[in-house]
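Input: a single structure, listed below in structure tokens.
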Amino acid sequence: MTEVGFDRTAVAALIAGGDVEWIDVDSATASTLPEVWRTIAAAESASERARVAMSRWDGAFLGLLPRFAALMREQLVDVVPAVIAGRSVLIYVTTDGDAYAPWLGTDPRDFGEASPIWDVLPQELQAFQRDTHPGFGLTWPGVYGIRTPADQISRYERLELADLGVEPEEAIVGEYDGEPVREDEVYLLSFDEAQAYYCVSPRFRVGEIVLIYHHDFDVEDLWPTLDDVMVMHYRNVVY
């Protein structure tokens, strides 16, 4: 019998995208999971599932996200595979005080094609998306986390500016190296609930990210920015 480390009904209610089908080691759909995920599901305790799941994360990647890594060490209570809207995900259940905060990691088999910003993403991030989770986020991949390559679309597409009759050359969002940057040149890597966009451009140097919020266009170092974003939601624990 699988030991359940959290209230599954309460966690499922927080997750966007549809009904959650939890997958335990004896579930009929367990055989469809990646082998590593089946190993996680087979672990007998919540703490062991969390340990096995995090052991698959590259140490170099976690080392670049020290605040988030500390949060996962101390607030992660369980990791369970699931299916949502026909997609396999790995759900990492963390706590924020008395509240649950579930993270969803997508199946590495669903990586798809590399996005236009792939070549300017740091190698550690590329490895995480290729080998661990193409998408990872709070309640849905990309929210306070990392969008899948397929979802790393341009802001021009995200804002549906073409439908509004705005030509790409008219949609200037900021400046980089003294030259204007168009909305179709910045691609979404992450976003938060305040609708701040964290984007990367093929024009950027490796390891740069831009925060776009209202009229702000601030190019920053990717790793500390992403680390801040990934702990931003938490209100009752501080890292």
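Being without any contact (Cβ under 8 Å) to a residue 40 or more places away in the chain and crowded, with 16+ Cβ neighbours inside 10 Å, is that true of even one residue in segment 14-23? No, the conditions are met nowhere in segment 14-23.
If you go through segment 192-235 and pick out every residue that is farther than 19 Å from PRO122 by Cβ, in a strand (DSSP E or B) and hydrophobic (A, V, I, L, M, F, W, C), you end up with 2. Here VAL166 clears all of (1) of a type outside the set (Lys, Arg); (2) part of a strand (DSSP E or B); (3) over 30 Å from ARG67 (Cβ atoms) except the condition numbered (2). If you go through segment 192-202 and keep only what is more than 15 Å from the chain's Cα centre (by Cα), touching a residue at least 24 places away in the same chain (Cβ under 8 Å) and surrounded by fewer than 18 Cβ atoms within 10 Å (Cβ to Cβ), you end up with just PRO202.
Taking the criterion of being surrounded by fewer than 21 Cβ atoms within 10 Å (Cβ to Cβ) and either over 26 Å from ASP19 (Cβ atoms) or over 16 Å from the mean Cα position of the chain (by Cα) (or both), the residues of segment 73-85 that qualify are ARG73, GLU74, GLN75, VAL77, VAL83, ALA85. When residues in segment 173-191 are screened for being more than 21 Å from ASP119 (Cα to Cα) and surrounded by 17 or more Cβ atoms within 10 Å (Cβ to Cβ), 2 of them pass.
The listed residues are GLU44, GLU124, GLU74, and the only one of them that is charged (D, E, K, R), under 22 Å from ALA10 (Cβ atoms), outside the structural domain of PRO202 (by TED's automatic domain parsing) and touching a residue at least 40 places away in the same chain (Cβ under 8 Å) turns out to be GLU74. Do the conditions hold for GLN152, that is, is it under 24 Å from VAL200 (Cβ atoms), without any contact (Cβ under 8 Å) to a residue 24 or more places away in the chain and buried (at least 17 other Cβ atoms within 10 Å of the Cβ)? Criteria not met by GLN152.
If you check LEU125 against the conditions, is it within 30 Å of THR95 (Cα to Cα) and of a type in the set (A, V, I, L, M)? Yes: the conditions hold for LEU125.
Restricting to segment 181-239, give me the number of residues that are in contact with a Lys or Arg (Cβ under 6 Å, 6 or more places away or on another chain) and at pLDDT below 95. Of the residues in that region, 1 qualify.
One residue stands out among those in segment 39-65 that are acidic (Asp, Glu) and out of contact with any helix residue (DSSP H, G or I) (no Cβ under 7 Å at 6 or more places or on another chain): the one that is modelled with the highest pLDDT, which is GLU48. Can you spot a residue in segment 47-59 that is crowded, with 19+ Cβ neighbours inside 10 Å and more than 16 Å from the chain's Cα centre (by Cα)? Yes, segment 47-59 contains at least one residue that is crowded, with 19+ Cβ neighbours inside 10 Å and more than 16 Å from the chain's Cα centre (by Cα).
Only helices (runs of 4 or more DSSP H) whose full extent lies in segment 49-143 are considered here, and the ones with at least 1 residues that are over 30 Å from VAL186 (Cβ atoms) are 59-63, 66-75.
The values are calculated or read from the model by the stated rules, or taken from the named source; none is laboratory data. These figures come from a predicted structure and were not determined experimentally. Note: ideal-geometry Cβ built from the backbone for every residue, glycine included; neighbour counts use all protein chains shown.
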